[in-house]
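Right, one structure below, let's go through it.
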Amino acid sequence: MNRVRILAFNPVLHVLDYRVPEGKAVEPGSVVIAPLGPRQILGIVWEPERLPADEVPEYKLRPLLEVLPVPPLSAPLRRLIEWTADYYCAALPSVARMTLSSTAALRGGGTMTEYRLSGREPVRPTPQRAAAMDALHGEQATIRELAALAGVSDGVLRGMVTAGILEPVTVDLDRPYPPPNPRHAIPELSPEQAAVANRFVTAVKTGGFSPFLLDGVTGSGKTECYFEAIATAIDAGQQVLVLLPEIALTENFLRRFEARFGVPPVLWHSSLKSTERRRAWRAIASGQARVIVGARSALFLPYARLGLIVVDEAHEVSFKQDDGVRYNARDVAVIRARFEAIPVILASATPALESLQLAEAGVYEKVDLPARFGGATMPAIKVVDLRIEPPDRGRWLAPRLIAEMKERLARGEQSLLFLNRRGYAPLTLCRHCGYRFQCPNCTAWLVEHRLSRRMACHHCGHEVPTPEVCPECHTPDCLVACGPGVERIADEVAELLPEARVALATSDTLNSPEKIGAFVAAAEEGLIDVIIGTQLVTKGYHFPELTLVGVVDADLGLEGGDLRAGERSYQQIAQVSGRAGRGAKAGEVLIQTRHPEAAVITALAAGDRDAFYAAEAEARRDAGAPPFGRWAAIIVSSEDEAEARDAARAIGGTRPILDDVAILGPAPAPMSLLRGRYRYRLLINARRSAQLQDVIRAWLGALTFPQGVRVNVDIDPYSFV
Ligand code: ADP
Ligand code: ZN
């Protein structure tokens with residue numbers, strides 16, 4: 001019988017049956033266009049027994065309109081989509097949509113027109129044309145993309161096309177990516193590295209699901225080791241996916257990959273141009289793209305021949321997506337490897353407790369690189385007790401840290417100051433009336449950014465120019481900054497070490513691949529003496545002349561006190577410490593704190609990671625927290641405060657009573673207003689034995705809510721705000 005069931009991207013009716021036109025064969029996974037009422041919808045053909053639908057009599061079935069010219073989604077990918085929707089209590093179409101993330105790619109290959117400067121000079125250049133010509137040097141893109149780049153209207157550029165200043169170029173949408181060469185530059189591995197690399201190489205050759213936890217100190221050569229596994233997969237004609245936690249890290253990765261394999265890998269992230277996205281998607285689906293480096297969204301792409309997945313910096317919190325489908329890419333990567341029957345490598349110097357526990361339980365095979373490569377030693381870590389050695393009034397750097405920085409400067413070495421706070425100050429208030437700058441849309445202070453002269457909310461993007469007078473009492477020059485951000489530390493360094501060349505490294509200053517590239521080049525060429533950065537500089541970078549790391553406020557990470565605050569704080573400080581002394585010269589780390597007795601600080605100072613993890617595990621076990629028990633959150637929000645509260649109460653009022661599940665709340669969320677929505681939270685703590693997702697589905701499924709209410713389920717939450 002030629003009847004098919006499709007999963008449609010329609011929010012309400014998402015499983016529908018259709019008839020296959022005579023003489024056509026449609027297999028599961030095919031991407032199709034089908035009629036729905038007067039409209040056409042996109043869908044994926046699914047195994048009918050796996051998706052329940054209303055029984056529509058044969059004669060009422062409408063025929064499919066079109067099967068799109070892309071390879072059908074594979075069975076392992078379809079199982080991954082089902083698993084993800086099921087585990088994270090998400091809608092199946094929302095997960096499936098992450099796979100078809102370039103709708104343009106579905107329409108097939110062919111050509112399109114891009115434009116670039118022709119070299120012809122305008123006879124009488126208008127100021128707009130002159131500016132556009134400056135901005136578009138070396139660029140080639142569609143008119144719309146070029147207009148955005150140059151900051152002019154499409155019309156200006158069309159005029160330049162007519163005048164012959166811009167010329168059209170026909171681009172083949174399916175032009176192949178150059179293949180990486182596994183033998184381009186084979187490194188000489190140390191015996192320890194070779195042992196690790198061999199383990200991976202064997203696993204790739206053998207095939208089958210094998211999850212690894214690569215636990216190696218910073219600078220041990222984890223990347224070099226997994227590159228050998230990548231080389232093996234390339235040789236075997238397979239594809240490899242490397243997941244990185246942030247795009248900021250890809251610049252560095254690209255250069256190392258190119259040095260090893262001769263060509264750059266294929267990139268996948270949210271800010272690709274639409275043509276790049278379309279080309280990458282098609283090459284991934286056809287198998288032509290061999291090594292793909294991406295942010296978490298690359299995980300759901302339709303790889304034709306995936307042979308290996310690597311998750312680098314696997315402990316990073318940014319692998320957890322906190323809107324839309326709330327999944328953890330690290331965990332879903334392991335599940336994808338299981339369905340694809342391939343190896344997966346989780347690499348980290350500071351693994352998550354969850355990962356260590358799975359290794360201990362024998363689920364992951366743990367491979368270790370306990371020493372730095374090339375004889376480099378781990379940095380010495382010292383604690384500066386701010387209660388005993390306080391900074392001068394109105395300053396944030398203790399005398400000892402300043403003295404060490406001066407010494408580095410005199411020796412021509414580099415220092416790195418780490419403070420995970422963008423802007424000048426986290427809070428600004430009026431000295432006269434006490435007015436505090438707060439975001440109108442969020443429960444958050446506005447952060448002053450002096451460099452760009454604005455006050456900004458880091459949660460919703462709201463910003464205003466920094467005013468001259470207090471908005472409340474209109475007194476001029478009365479605003480005071482409270483606490484430091486990186487810009488304020490930069491001011492302090494400029495006063496104390498006026499001859500030092502200082503670079504700020506935050507998402508405000510390094511917001512494009514070009515700027516990141518320029519920063520890395522400057523640091524490597526010794527053009528920077530002091531780097532002041534947020535978490536952006538804690539990972540990935542290798543600056544041999546960097547011999548001092550100062551942690552400006554080690555207590556910052558412990559504020560808020562969520563479940564993983566201690567672990568996260570430990571990881572962040574250990575990672576940033578790992579930037580020191582990576583070359584021939586030994587490194588030193590000074591940690592400023594008011595709580596030198598805190599477990600995080602004593603473990604870091606003693607270099608005793610095991611002690612920290614043991615204490616942390618003990619505390620989690622007592623609390624029934626992950627990985628020993630499970631958490632889930634229900635977040636209820638609405639633009640109307642009463643509506644949100646009533647919905648939260650309705651959920652709370654129908655809570656199931658179970659032995660192995662404890663339910664806390666509802667309570668106003670710590671961030672009770674976010675992007676204009678009022679928020680309430682419930683927290684669920686379950687034993688591992690509980691059928692957590694089934695409980696939540698049955699509970700929430702029995703309720704209905706007003707249109708304006710959003711109810712989000714967050715399984716294994718990382719954020720508790
Ligand atoms: P990790 O990722 O463990 O912090 P990396 O892979 O970044 O370590 O290695 C640290 C530095 O040592 C890098 O600059 C890398 O190129 C270099 N390195 C590591 N192993 C080797 C090797 N076998 N041969 C040459 N250089 C190496
Ligand atoms: Zn805001």
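Grab the strands (runs of 3 or more DSSP E) fully contained in segment 389-472, keeping just those with 2 or more residues being out of contact with any His (no Cβ under 6 Å at 6 or more places or on another chain) and more than 28 Å from VAL549 (Cβ to Cβ).
427-430, 454-456, 463-465
Out of segment 629-645, which residues are without any contact (Cβ under 8 Å) to a residue 60 or more places away in the chain and either out of contact with any strand residue (DSSP E or B) (no Cβ under 8 Å at 6 or more places or on another chain) or in a strand (DSSP E or B) (or both)?
Let us first name the residues in segment 629-645 that are without any contact (Cβ under 8 Å) to a residue 60 or more places away in the chain, namely 629, 641-642, 645.
Hits for segment 629-645 are GLY629, ALA642.
Of the residues ALA259, ALA231, ALA236, only one is modelled with pLDDT of 95 or more, more than 16 Å from ligand 2 (Cβ to nearest atom) and in contact with a strand residue (DSSP E or B) (Cβ under 7 Å, 6 or more places away or on another chain); which?
Exactly one of ALA259, ALA231, ALA236 is modelled with pLDDT of 95 or more, more than 16 Å from ligand 2 (Cβ to nearest atom) and in contact with a strand residue (DSSP E or B) (Cβ under 7 Å, 6 or more places away or on another chain), namely ALA236.
So that you can scan it fast, the table gives a plain yes or no per residue for (1) more than 30 Å from ARG144 (Cα to Cα); (2) touching a residue at least 60 places away in the same chain (Cβ under 8 Å); (3) in contact with a Gly (Cβ under 8 Å, 6 or more places away or on another chain); (4) not in a helix (DSSP H, G or I):
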position: LEU157; (1), (2), (3), (4): no, no, no, no
position: GLU167; (1), (2), (3), (4): no, no, no, yes
position: THR170; (1), (2), (3), (4): no, no, no, yes
position: TYR177; (1), (2), (3), (4): no, yes, no, yes
position: GLU188; (1), (2), (3), (4): yes, no, no, yes
position: ASN198; (1), (2), (3), (4): yes, no, no, no
position: GLY208; (1), (2), (3), (4): yes, yes, no, yes
position: PRO211; (1), (2), (3), (4): yes, yes, no, yes
position: ALA231; (1), (2), (3), (4): yes, no, no, no
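Taking segment 115-155 as the region of interest, how many residues are within 31 Å of the chain's Cα centre (by Cα) and in a helix (DSSP H, G or I)?
So the answer is 9.
Restricting attention to segment 635-683, which residues are buried (at least 18 other Cβ atoms within 10 Å of the Cβ) and touching an Asp or Glu at 6+ places or on another chain (Cβ under 8 Å)?
Of everything in segment 635-683, those that are buried (at least 18 other Cβ atoms within 10 Å of the Cβ) and touching an Asp or Glu at 6+ places or on another chain (Cβ under 8 Å) turn out to be ILE635, ARG677, TYR678.
Considering (1) in contact with a Pro (Cβ under 9 Å, 6 or more places away or on another chain); (2) more than 24 Å from ASP86 (Cβ to Cβ); (3) free of Cβ contacts under 8 Å to residues at least 24 places away in the same chain, say which one ILE663 fails and leave the rest.
Result: ILE663 fails condition (2) only.
How many residues does segment 98-129 contain that are surrounded by 19 or more Cβ atoms within 10 Å (Cβ to Cβ) and over 30 Å from ALA163 (Cα atoms)?
5
Of everything in segment 498-507, what is in contact with a strand residue (DSSP E or B) (Cβ under 7 Å, 6 or more places away or on another chain) and either touching a residue at least 40 places away in the same chain (Cβ under 8 Å) or farther than 15 Å from LEU409 by Cα (or both)? Give them in sequence order.
Those that are in contact with a strand residue (DSSP E or B) (Cβ under 7 Å, 6 or more places away or on another chain) and either touching a residue at least 40 places away in the same chain (Cβ under 8 Å) or farther than 15 Å from LEU409 by Cα (or both): ALA500, LEU504, ALA505, THR506.
Take VAL204 and decide whether it is on the phi < 0 side of the Ramachandran plot, touching a Pro at 6+ places or on another chain (Cβ under 7 Å) and at pLDDT 95 or above.
When the stated conditions are applied, VAL204 passes them.
Hey, can you tell me all the residues within segment 157-168 that are hydrophobic (A, V, I, L, M, F, W, C) and either more than 14 Å from ASP134 (Cα to Cα) or surrounded by fewer than 18 Cβ atoms within 10 Å (Cβ to Cβ) (or both)?
Selection gives VAL161, ALA163.
Condition first: more than 16 Å from ligand 2 (Cβ to nearest atom) and in contact (Cβ under 8 Å) with a residue 12 or more places away in the chain. Now tell me which residues in segment 422-457 satisfy that.
TYR424, ALA425, LEU429, CYS430, ARG431, HIS432, CYS433, TYR435, ARG450, LEU451, SER452, ARG453
Scan segment 304-322 and give yes if some residue there is charged (D, E, K, R), touching a helix residue (DSSP H, G or I) at 6+ places or on another chain (Cβ under 7 Å), over 22 Å from GLY207 (Cβ atoms) and in the same structural domain as GLN239 (by TED's automatic domain parsing), otherwise no.
Looking through segment 304-322, none of the residues is charged (D, E, K, R), touching a helix residue (DSSP H, G or I) at 6+ places or on another chain (Cβ under 7 Å), over 22 Å from GLY207 (Cβ atoms) and in the same structural domain as GLN239 (by TED's automatic domain parsing).
Out of LEU369, LEU401, LEU417, LEU397, report the one residue that is under 23 Å from LEU604 (Cβ atoms), touching a residue at least 40 places away in the same chain (Cβ under 8 Å), crowded, with 19+ Cβ neighbours inside 10 Å and not assigned by TED's automatic domain parsing to the domain that holds ASP610.
When all the criteria are applied, what remains is LEU369.
Does ARG78 fit the bill of being surrounded by fewer than 17 Cβ atoms within 10 Å (Cβ to Cβ), without any contact (Cβ under 8 Å) to a residue 60 or more places away in the chain and not β-branched (Val, Ile, Thr)?
Answer is no for this residue.
If you go through segment 646-662 one residue at a time, do you hit one that is in a helix (DSSP H, G or I), more than 16 Å from ligand 1 (Cβ to nearest atom) and under 17 Å from ALA91 (Cα atoms)?
No, the conditions are met nowhere in segment 646-662.
Name, by its number, the condition in (1) within 16 Å of ligand 1 (Cβ to nearest atom); (2) surrounded by fewer than 23 Cβ atoms within 10 Å (Cβ to Cβ); (3) part of a loop (DSSP other than H, G, I, E, B) that does not hold for GLY581.
(2)
Could you tell me whether any residue of segment 465-483 is under 19 Å from VAL552 (Cα atoms) and either surrounded by 15 or more Cβ atoms within 10 Å (Cβ to Cβ) or touching a helix residue (DSSP H, G or I) at 6+ places or on another chain (Cβ under 6 Å) (or both)?
yes
Out of the residues in segment 191-220 that are more than 17 Å from ALA347 (Cβ to Cβ) and hydroxyl-bearing (Ser, Thr, Tyr), state the one that is nearest to ligand 1 (Cβ to nearest atom).
Only one residue fits best here, namely THR202.
The values are calculated or read from the model by the stated rules, or taken from the named source; none is laboratory data. Since this is a predicted model, take the numbers as computed values, not measurements. Methodologically, a virtual Cβ is constructed for each residue, glycine included, from the backbone with ideal geometry; neighbour enumeration extends over all protein chains shown.
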